[in-house]
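Everything below concerns the one structure shown next.
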Amino acid sequence: MYAKRLSRFRRLEVCEVKDAEAAQDQTRRRDIESARLVEALQPQDRVIVLDERGKDLTSVQLAASLDKWDAQGQGRTSFVIGGPFGFTDIVRGRASFLWRLSALTLPHELARVLLMEQLYRAESLRANVPYHH
């Protein structure tokens, strides 16, 4: 639903990488999935990694960040959500910005919904379209 609403403001592409559930070891699984995430990115992408170590943003701050990132014109802005075992430092190292979506640990499916809603809210703020604050 939010992806459809968001498409009115910006082009949106959802890219999922194949999970590595065949890897029995959690560390190995995290390593494989992190490598796949980095491979899915373009060199010119601005990478925003959703990570517990990241900075908290209000919706208004996110809208201002989108303004800034769009004005800088650096490739796509790509938001990266990790799998159940998180990321390696290679993914964090590729990030232009680390964003903590919540202090809670969230399953990646729920994190995606929250990300889409917050992007829609931020775009609504940027366009002065009424949306409850």
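So for the chain, averaging the separation of alpha carbon pairs under 8 Å that are six or more residues apart and normalising by length, what relative contact order in percent results?
That works out to 34 percent.
Compared with the dominant principal axis of the Cα atoms in the chain, helix 59-72 is inclined by about 80°. Of all lysines in the structure, not one has an alpha carbon short of 20 Å from that of Lys4, not counting any fewer than 8 places away in one chain. Both radii are taken from the alpha-carbon atoms of the chain; with Rh as the Kirkwood radius, Rg/Rh is 0.97. Between the Cα long axis of helix 26-40 and the first principal axis of the chain there is an angle of about 50°, rounded to the nearest 10.
Taking a quarter of the surface of the Cα convex hull of the range 28-72 gives a mean projected area of 4.2 nm².
Taking the C-alpha atoms only, the angle from helix 108-126 to the longest principal axis of the chain is near 20 degrees.
Secondary-structure-derived ellipticity at 222 nm for the chain, considering helices only, amounts to -13500 deg cm²/dmol, per-run term -39500 (n - 2.57) for DSSP H runs with n ≥ 4.
Laboratory data are not the source of any read-out in this text; all were calculated from the coordinates shown. Small disclaimer: the values here were computed from a predicted structure and weren't measured.
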